[in-house]
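Right, one structure below, let's go through it.
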Amino acid sequence: MASPALAILVKETRELVRDPLYLGLALVIPVVLMVLFGYGLSADVKHVRVAVLDHDRSPWSRQYIDAYIHSEYFDFMGLVRDEHEADEWLRSGHARAVIDIPPSFARDLAGRGAAAVGVTVDGAFPTFAEIIEGYVNAVNAQFNQQFLPATAAGAPVTLDISVWYNPALESKNFIVPGMLVLLMQIFPAMLGALLITREKESGTIFTLYASPASRADILFGKAVPYVVVTILDYLIIFAMSIWLFEVRFIGSFWVLSAAAVLYAVCTVGVGLLISAFARTQLAAMLIAVLGTVTPAFNLSGFIAPVASQDLVGRIAGSLIPATYFMEVSRGTYLKGLGFEVYWRNLLALAAYATVVYSLAWWRLRKRIG
Amino acid sequence: MTRRLVAMIRKELAQLLRDVPLVLVLLWAFGGSIYVHGHGVSTEIFNYPVVILDLSRSPASREFVARLHAPYFKIVGFARNDRDVVEALDLARASLAVVIPPDFERLVRSGQGSVQVISDGTLSTSAAIAGAHLATITDAYNQYLLAERGQPAPRLSRVDARVRVAYNPNETSAWFSSVLELLNMTTEVSILLTAAALVREKERGTLDQLLVTPLRPAELFAAKIAPTIIVVVPLSLLALLAIIRGAFHTPIQGSLVLFYAVTVVYVFTIAGLGLTIAVLVKNVAQAMMLLVLILFPMLFLSGARNPAETMEPWMRYVSLVSPMRYYIDFGYQVLFKGNGIAYVWKDLVGILGIGGLMFWFAVVRFRHAFHR
């Protein structure tokens, strides 16, 4: 298989290297996206716009409002006159939370020792609503602290919480290793998807069919240059993660790299598979974006733990290579685990690659026949 | 002029619908994909996976464990020893481990009970929220214990914040995720379809043939945009009615007429962006790269998960040039809040402004390159 495969490899490499836009973007895009996402995706949400409907207008209610004004999480938008205006502000997004202090607030607090405030949160963004809820509870608890007696009454059960893997709960520590996985998916899947389709559309595929190159030659020759570029991307992103973002990396570089190489083979393979099936470049592009990049973002465990997804989500997640590499990436960066745990993932990626290339190989024959 | 425009649009549509894999992808985009995302991607910390190591095996420990349940927590297993716990966390089978010491029951009675919690901090946001839920549950458990012993919690003054979530009272993630996926798909499909439709002609050389026909650049572009609108808008309506409302029972609060009127404008704008990309490149592969460079930051700066005002200031300014930012805001306001034009006119102005600019730029660039 040596010479035809090599010839295709040389031709594909030349095509890749000769187009400055092509190669430039292939290497520049991951860097640009990495900077954008790495600096931008801070999970610490601040500037939550809050408004207050103060029916009480007492020193106590003002003190309660002060707690929100001084909180670093909230931006105090002002007092609203009535329920109608409160609703109006929530609707327009001028406020994302409205705190309703009842007329009896100070009286209840002094008399019964307990008062309630109503908080309405904009639920159009459920995650955001949940975060606001957490902030409200925190500010509220802080306000309550002044009432605690000097010697705290012992609660029967206390929690002794320790955080592993990312003790300071820094979001960059999960976002950057996750981005590594996503960025290694975008470029090869999208460009790989065009590799054979392009030849189909321009008709040059028949030249290939007529050549002595076997199906394996074609796949090999087309895949290798792209796998190499993807591995270059991997090295660039890895270097950025360590030196630019200063994410802690405590695992084995070699295990991560082994997985990255297999993953690159997989993602290019997925591209080639799409390429073998799609008739037009347009279809290939759409399949690549919708079938690989979007699921990698949503279903690979990038945002939420895979174990918490329901069956549909988990099955969909297990069908994409990103899920397997995501575990290795986060695991080597943060957990310091190595081959003893991730041999399964390496095996899964290898199996995935085998299946993908076999399918592409099989599909290519049908086109020839 | 209308006749040649119609002829061109018909040709484009025929070309599009003849491509079977493409049609399948479109159906997936507005069907399966929205269903899977609505179903499978939860936005909240629901079913947070917990592993339990109960060394006490007492009524007290069982009572505590029983409180860790849906919707927030899901017990994925009971460990027999420390090694099981470590393994569950290492392999990410569980994201939280609760270890109850052997003498838990006795300690609880003497008011010194302590539960060891190990949290996987990898996904830091989820970990923090799960920790807060666990604290709330423990607090409730303490109240229960004290009440059971007839010694209610020491009477202290306290304010209770009762949170109500407007527009989505149960924080149903399917409503949100499916609508977001619909808005994403509308964007992605519109930009890809249109960009590819023009670049393809460039790549094959058929563009030169079109240029010698009486078709003017603006007409050519209109003919490339129209099929995208004709395909995307009905598919979006179908997905909204059948999946988002039908399967997930999402209450659609606002006017569908308004939503689709603006969606048509939005698809035009995004298609204009696709054309601009197509005008700037030589072949589909280059278009793809440029698309990535534009589409991903756009998706990312759309303010889809947290509202735009919470972004870093520089990102907030950058996001102003992204039409998707306006469409997401518009979509949520109309679909979830039932807002009318009085609330969303700014979004409409943003979408229209960018769309007009894109179309104009594409035409000028195109003329410059091909027409003299």
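For this structure, a couple of remarks:
- Any hit, segment B:17-34, residues being in the same structural domain as residue B:180 (by TED's automatic domain parsing), in a loop (DSSP other than H, G, I, E, B) and not aliphatic (A, V, I, L, M): yes
- Condition check for residue A:322: in the same structural domain as residue A:245 (by TED's automatic domain parsing), within 24 Å of residue A:251 (Cα to Cα), of a type in the set (Gly, Ala, Ser) and under 19 Å from the mean Cα position of the chain (by Cα): yes
- Counting residues in segment A:78-96 that are more than 7 Å from chain B (Cβ to nearest Cβ), touching a residue at least 40 places away in the same chain (Cβ under 8 Å) and not in a loop (DSSP other than H, G, I, E, B) gives zero.
- Flag if residue B:177 is at pLDDT below 85 and surrounded by 20 or more Cβ atoms within 10 Å (Cβ to Cβ): no
- Yes/no for residue B:48 being at the interface with chain A (Cβ under 7 Å from one of its Cβ atoms) and touching a residue at least 24 places away in the same chain (Cβ under 8 Å): yes
- Residue B:201 in contact (Cβ under 8 Å) with a residue 40 or more places away in the chain, acidic (Asp, Glu), crowded, with 17+ Cβ neighbours inside 10 Å and farther than 23 Å from residue B:67 by Cβ: no
- Which listed residue, of A:264, A:283, A:260, A:288, is assigned by TED's automatic domain parsing to the domain that holds residue A:321, at pLDDT below 90, under 24 Å from residue A:315 (Cα atoms) and part of a helix (DSSP H, G or I): A:288
- Within segment B:296-312, the residues that satisfy the criterion of being aliphatic (A, V, I, L, M) and either closer than 16 Å to residue B:181 by Cα or in contact (Cβ under 8 Å) with a residue 12 or more places away in the chain (or both) are B:298, B:299, B:301, B:304, B:308.
- Of all the residues in segment A:12-38, those that are part of a helix (DSSP H, G or I) and in contact with a Lys or Arg (Cβ under 9 Å, 6 or more places away or on another chain) number 3.
- Filter pass, residue B:10 being at pLDDT 90 or above, more than 20 Å from residue A:305 (Cα to Cα) and either surrounded by fewer than 20 Cβ atoms within 10 Å (Cβ to Cβ) or within 10 Å of chain A (Cβ to nearest Cβ) (or both): yes
- Flag for residue A:80 being out of contact with any Ser or Thr (no Cβ under 8 Å at 6 or more places or on another chain) and outside the structural domain of residue A:140 (by TED's automatic domain parsing): no
Conditions (1) among the polar types (S, T, N, Q); (2) out of contact with any Ser or Thr (no Cβ under 8 Å at 6 or more places or on another chain); (3) in contact (Cβ under 8 Å) with a residue 24 or more places away in the chain, marked per residue:
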{"position": "A:225", "(1), (2), (3)": "no, no, yes"}
{"position": "A:230", "(1), (2), (3)": "yes, no, yes"}
{"position": "A:251", "(1), (2), (3)": "no, no, yes"}
{"position": "A:255", "(1), (2), (3)": "no, no, yes"}
{"position": "A:269", "(1), (2), (3)": "no, yes, yes"}
{"position": "A:285", "(1), (2), (3)": "no, yes, yes"}
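The values are calculated or read from the model by the stated rules, or taken from the named source; none is laboratory data. Being a predicted model, the structure only gives us computed values, none of them experimental. For neighbour counting, all protein chains shown are included, and Cβ atoms are generated from backbone atoms with ideal geometry for every residue, glycine included.
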